[in-house]
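One structure below.
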Amino acid sequence: MGANNKRIVRATLLLMAASFLLARLLFWIFPNVFEPWNAQTVDQLFLLRAESDAFRPRYDSTIVHIDISDRTMEQLENSFLSRSQYAQVVHNLAWMEVALQIWDFILPLRVNPFEDSVLVASAANARNVLFGLAFQLSDQPPRPHPHARSRRFEQYLDLTKWRITVDGDTGKLSFGAESKITFPALAASSLGLGYLNIQFDRDGVYRRAPLLVRYEDAFYPSFAFRAACEYLGVTPDRIVLRPGESLTLRGAQRPGHTPHDIVIPIDEYANILVNYIGPLRRGNQNSMLHYDFADILRASDDRTDLENWGEVLRGKIAVVSEVATGASDVGPVPTDNNFPLSGVHSNALNTILTEDFIRELGDLRMLSVELLILAILFLLARMLSSRNFSIGAFELMLGYVVIAATLFLYANLILNILRPVFEIALSSFVIVTYRYVTEQREKLALQKSFEAYFPPSIVRKIMMNPELVTQGGHRKELTILFSDIKSFTTYSSTLSPDEIQRLLNEYFEAMVEIVFKYGGTVDKFIGDGLMVFFGDPEAQEDHAVRCVKAAIEMQKKCRELKTRWESEGKFPLKIRIGLNTGPVVVGNMGSARRLSYTVLGSAVNLAQRLESNAPVEGIMISHRTYKLVKDHVTVRPMAPIRVKGLEEPIQVYEVPVDV
C-alpha cells in the first residue's frame, strides 16, 4: 500500500471514529431530543404492524373491556353512576362466571354507608375483584407518615405486600410512598389491589408498563401484573425478580392448561415493553373486545339476557374502566394519540398472557451492531468512488432500517434505529467532504503539474477526462522532438548559478510556449535539452507537420534570443533539433512512488540520435517524418548517416529555417 493510500485509510478511519463518537456524545448530551425521535420512529412500526393481519400481535380474547362510555350515560339516562350500580355490575359479572374483574378505579372514600356496604358485600361474594391504588414514586425510601388515617391505609398495604425472590440489584426500582388506595373495607373484601401508576417516556408517550414497585422491605404489584398472577395462579413466593433482565412466574397455569414458567423481559426499573395490538377504539377491527357497562347492568332485569351474557363472558378477564368523552385518564401510545389508559393495563396483561414479549437490544449488543455497520461503511469507503460511496451509504442506511423493521415485525426485537442512521449519515458526509476537499486540492496541484507539460486546451480535457493520462501504456505512432543547446556546458562554466537558471528559464519558457502553440506535449527537460512529442494524449492526425512547424518556429525564436543575448554580453544561443516519427509505447511509466507520462521505444532513441547529428541551428528529420511532411514544408535531403544501434546508414533530411 502506497503512502498516499495509507494516508487516505488513516484519515477515513479517524473521520469515522470521530463521527461515531460525536453521534454517541450528542445522544448522551441531548437525550430529550434524540431518544423521543428514535422512539417515534419505532412507533411507526407499531402502526404499520397494527394495520397488518400478518404481523399484528396475537390478541388473547380472554381479556375484554367493560366500558363506561357516552352510550352508558345515554342508556341509563344519568351522567353519574352510583356505587349501588357498581355493586350490581360486580354481582352480575360474578354470576356470569368471569374469571377476573379488574376495576380501573380508586375509590378512596366512603360516600354513602348503604351503597358502600352493598359494594363491599358484592366484592366479597364475587371473590374475583381487583381495585386500584396509586403511589407517589420516589428514588428514596419514604419517611413514616404521622397521620392516623395514613397509618390505617399503610397497615393494609403492609399486610398485603409481596415478598418475592430477588436475584440482583434492585437499586433502580422506585419506592412507593404517599399511597392513595381504595378504602380499606372494600380493599379487604376484594381479591386485592394493584397500583395504577404508569410513567410515560420523555416525549409523553406510554410505551412501558411497570410490574413492581418497592414497598418498605418488600414489593407491591402493578394492576396488570397482579391480574396476570391471579389469573395464572402464581403466588408471590413463585416470582423471581432479576432487575434489568427478567421477572419469572414459576409454574404459571392457565385454566385447563399445563403449568410452565413464564419469563417476562424487563428493564432495570421492572418495566415491561407493552406489545400494543392496536387502537383501543370500540368497533375497530384491530382492537380488543368491548362491551358496554349499561348492557351488563341492565341484564339484571332479564334472566335470559343474563344467561346470554354468561355465555359471552364466562372465563373472561373483564377490565372495567371509564372511556366517556372528557375522561382524564387518556394519553398517547404508539398506536393511538388518544388512548384510554386502561388499555395500557389490558395490553400489558395481554402481552404477559400471550407471552408475546418485545425485547429491546441492550447497549452492549447495540454497540456491536453499530461497530459492524461502521466496518461495512469503511469497506464501502475503501472500494467505491465518492459518488458510489454516497449511494452505498444511503443503501446501507436503508438496509439497516429494513433489517430493524424486519426484526421488529418477525422477532419482536427493537433496535435503536436513529443513532446508527445518524452515524452512517454523519460519517459518510465527513468522508465525502474530506474527499472533495482533498481531491480538489490534488486536482489543483495536478492541474499545475499538467500545465508544465501540456497545452492549456489539453489540460482542460485531461481535467475533465483524467483517463487520458491515467490509463496504462499503449502503442501509438507519434512524432518525437529532441533539442539541445550547442556548447552550453562550456559557456555555463563562466556564469553564476543564478544567471544559468535565469537564462535557461527564459529559453525553456519560450520553447514550451511554442510547443504548446502547436499542441505538443513536454516529456522532460534534460539539463539544457528538451524532449517533446506530438500526437498524444490528444490524437493528432497531422502530428508530424505540427512538430516540424514547431521546430521551425523554435529555431527562429532562438535566433531572436541569440541576437539579444549577444548584445547583452551573454553567450550566443544556438540549438540543434532532431525529429523522428515512429511507433512508441506511451503512458504512465515509473514506480508506484513516482510516475511519469512519457514515451518509450526505438523511435525515441532515433530522434535523440538525429538531434546529436543535426547541424547547428538546423533541423534534421527521419525518412518517415519526411514522408508525412513533404507536402507541407520545404525539405531537402542530406547525406545518409550512421547512428548507434543501426548497422545500415539511414536517410535523413533537413528542414531549412527561413531567416
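Please treat every number below as a calculation from the coordinates, not as lab data. It should be emphasised that the depicted structure is a prediction, and the values quoted were computed from it without experimental measurement. We place every Cβ from the backbone using ideal geometry, glycine too, and count neighbours over all the protein chains shown.
Taking each residue as 0.36 nm, the span from Glu355 to Thr489 lengthens on full extension beyond its C-alpha to C-alpha distance by 38.7 nm. Relative contact order of the chain: 13 percent, from C-alpha pairs under 8 Å at least 6 residues apart in sequence. From the alpha carbon centroid of region 197-235 to that of region 487-528 is 91 Å. Sequence-distant contacts, meaning Cα pairs under 8 Å at least 6 residues apart, place the relative contact order of region 466-654 at 25 percent. Whole-percent P(r), region 58-355, all Cα pairs, 10 Å bins from 0: 6, 28, 37, 23, 6, 0. Residues in region 558-563 carry Karplus couplings, in order, of 5, 5, 5, 5, 4, 4 Hz; the curve used is 6.51 cos²θ - 1.76 cosθ + 1.60 with θ = phi - 60°, and Gly or Pro positions show x. Close amide H contacts of Val330 (hydrogens built in the peptide plane, cut-off under 5 Å, sequence separation of 5 or more or a different chain): Leu341.
With helices as the sole contributors, the chain gives -15000 deg cm²/dmol at 222 nm; each DSSP H run of n ≥ 4 counts as -39500 (n - 2.57), and the sum is divided by every residue.
Between Ile66 and Tyr291, Val319, Val320, Ser321, the built amide H atoms are under 5 Å apart, and every one of these is 5 or more places off in sequence or on another chain. Of the peptides 425-435, 166-176, the ranking by mean beta-carbon count within 10 Å, highest at the top, reads 425-435, 166-176.
A straight Cα-to-Cα reach below 17 Å connects Lys570 with the aspartates and glutamates Asp498, Glu499, Glu506, Asp528, Glu560, residues fewer than 8 places away in its own chain not being considered. Per-peptide packing, taken as the mean over residues of other Cβ atoms within 10 Å, places 516-522, 18-24, 378-384 in the sequence 516-522, 18-24, 378-384 from highest down. Report note on the peptides 46-52, 624-630, 223-229: ranked by the mean count of other C-beta atoms within 10 Å, highest first, their order is 223-229, 624-630, 46-52.
For the chain, DSSP calls about 65 percent of its internal beta bridges antiparallel. For Lys161, the lysines whose Cα comes closer than 27 Å to its Cα, not counting residues fewer than 8 places off in the same chain, are Lys172, Lys180, Lys316. Counting only the backbone N, which residues of region 354-394 are under 16 Å from the spot 7 Å out from the Cα of Arg202 toward its beta-carbon? Within reach of a label on Arg202, which here means backbone N under 16 Å from a point 7 Å along Cα→Cβ, region 354-394 contributes 363. When the listed pairs Lys517/Lys557; Lys486/Lys562; Lys556/Lys630; Lys486/Lys556; Lys557/Lys630 are checked against a 18 Å cut-off, the alpha-carbon distance exceeds it for Lys556/Lys630; Lys557/Lys630. What the phi angles of region 387-400 give under the Karplus curve with 6.51, -1.76 and 1.60, with θ = phi - 60°, is a coupling list of 5, 5, 5, 4, 5, x, 5, 5, 5, 5, 4, 5, x, 5 Hz, glycine and proline written as x.
Please report the antiparallel percentage of DSSP beta bridges with both residues in region 58-355, rounded to the nearest 5.
Counting only bridges with both partners in region 58-355, antiparallel ones make up about 50 percent.
Between region 1-63 and region 540-556, what's the alpha-carbon centroid distance in Å? Cα centroid of region 1-63 versus Cα centroid of region 540-556: 65 Å apart. Karplus-based coupling profile of region 93-101, in residue order and whole Hz: 5, 5, 5, 6, 6, 5, 6, 7, 10, with θ = phi - 60° in 6.51 cos²θ - 1.76 cosθ + 1.60 and x standing for Gly or Pro. Computed from the C-beta positions of Lys570 and His474 and an R0 of 41 Å, the FRET efficiency is 0.40 to the nearest 0.05.
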